[in-house]
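The values are calculated or read from the model by the stated rules, or taken from the named source; none is laboratory data. It should be emphasised that the depicted structure is a prediction, and the values quoted were computed from it without experimental measurement. Here the Cβ is made from the backbone with ideal geometry for all residues, glycine too, and neighbour counts use every protein chain on show.
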Amino acid sequence: MRFFVPTNIYIENDCVKNHADLLCAIGQRALIVTGQHSAAANGSLNDVTNVLNTGDIPYLIFSEVEENPSTDTVEKATEIAHKFNADFIIGIGGGSAIDAAKAVALLLVNPDINADEIHNAPSHPRNHAPVVAVPTTCGTGSEVTPVSIITNHKINLKKSIPHVIFPDLALVDGKYLVSAQKRLIVNTAVDALAHMVESILNVKSNLLNRMCPEYGLKLWGESKYALLLDYDCENSNKNDAIDTTNTTPIDACLYEKLMLTSTIAGMSIAQTSTAVPHGMSYDLTLHAGIPHGPAVGYFLAAYVEVCAKFVPQDVEKILSLLGLKDIEEFGEMLRKLIGTCTVTREMRNQFAAAMKENHSKLDLVPGKITPEDIDYIYEKSLVVE
Ligand SMILES: [Fe+2]
């Protein structure tokens, strides 16, 4: 058994400011990789630039990372990093920004790798520029995983690149969630939930690495009341922030707890990788434009149901940690949080056919999953128009 996360992780209020010395010691010139708006709005970008200014570290901001970052975006950011002579990359934002930062860190020191070839390039596990990750959503876990999911639109591919790129430093602060819309918090929290469930229902799960998802699921179960409170996923844009009027001691530190859970969920998949629901989600995002959290969440209850045939005690453990009585209640909770997803029959059949060939995910199922099981998961998870 092995447990490996080489990232230096800090989780606390004012985390970036508190660890300014560590951030400034990572390199001499930084490229900040982030999305268009949220890092400026939630204060994380300001926190990082204040520290860099005080530490006399020159930096440039690349704020063009889109949801599901593309090879084109990674290529553009890498060119800018080269011209600026950056020697380390700071990713600020959700999974998209941090994943893009990792890919830029790889290309920066490997000029022989073309961005469009990044999914096929041989892996150079340690050959990348240092990465600092400042997450501002509570789902990705990318700040503590070696994974970078990049989309190549030229070949319709959304997939993890094969390189192992753990950030050197992760600075995690729940205060960046305060200004986030509840829809974003719910969607990303569902992603974190999936990371932990898929880590346990996984052939790579063992007595050592289970400490992460088992503790994280307990935390998630404690936060679920606040996520569900007065939440209508069909009409959620009206909810600007989480309603914490249910003032239990849990809710007083809800944002920090959600961030902690998300980082623990990231540490979980850093050991086992994600499984079938994530494999199924990528087509839904790529071809139907569904955000990552819901795209994974739609498949989660049916995956748990199929796995209950192989490892019923693990499914029971997951439900018990979440404070749920059965799989039906698990599915009902997810429906309240993310609703349902409608696709055409043709799409669903195409997705199912592709999944039946996706052995990198199917081989992780803790039992002999059949083509009929896969059809069942699609049948149960998606509404066909
Ligand atoms: Fe995910």
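The figures follow:
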| item | result |
| --- | --- |
| Residue list for segment 32-69, filter: among the charged types (D, E, K, R) and more than 17 Å from the chain's Cα centre (by Cα) | D47, D56, E64 |
| Test: residue in segment 308-327 that is under 22 Å from the mean Cα position of the chain (by Cα) and of a type in the set (F, W, Y) | no |
| Test for F330: is it assigned by TED's automatic domain parsing to the domain that holds S262, buried (at least 16 other Cβ atoms within 10 Å of the Cβ) and within 16 Å of the ligand (Cβ to nearest atom) | no |
| Failed item in (1) assigned to a helix (DSSP H, G or I); (2) modelled with pLDDT under 95, with I80 passing the rest | (2) |
| Positions within segment 131-168 being within 25 Å of A25 (Cβ to Cβ) and not β-branched (V, I, T), in sequence order | A133, P135, G141, S142, E143, P146, S148, H163, F166, P167, D168 |
| Residues satisfying the stated conditions in segment 287-326, i.e. touching a residue at least 24 places away in the same chain (Cβ under 8 Å) and surrounded by fewer than 18 Cβ atoms within 10 Å (Cβ to Cβ) | H287, A288, K309, F310, K317, G323, L324 |
| Residue among T261, T340, T274, T344 that is under 22 Å from H359 (Cα atoms) and either surrounded by fewer than 16 Cβ atoms within 10 Å (Cβ to Cβ) or within 16 Å of the ligand (Cβ to nearest atom) (or both) | T274 |
| Residue ranges of strands (runs of 3 or more DSSP E) in segment 105-214 with at least 3 members within 16 Å of the ligand (Cβ to nearest atom) | 149-152, 157-160 |
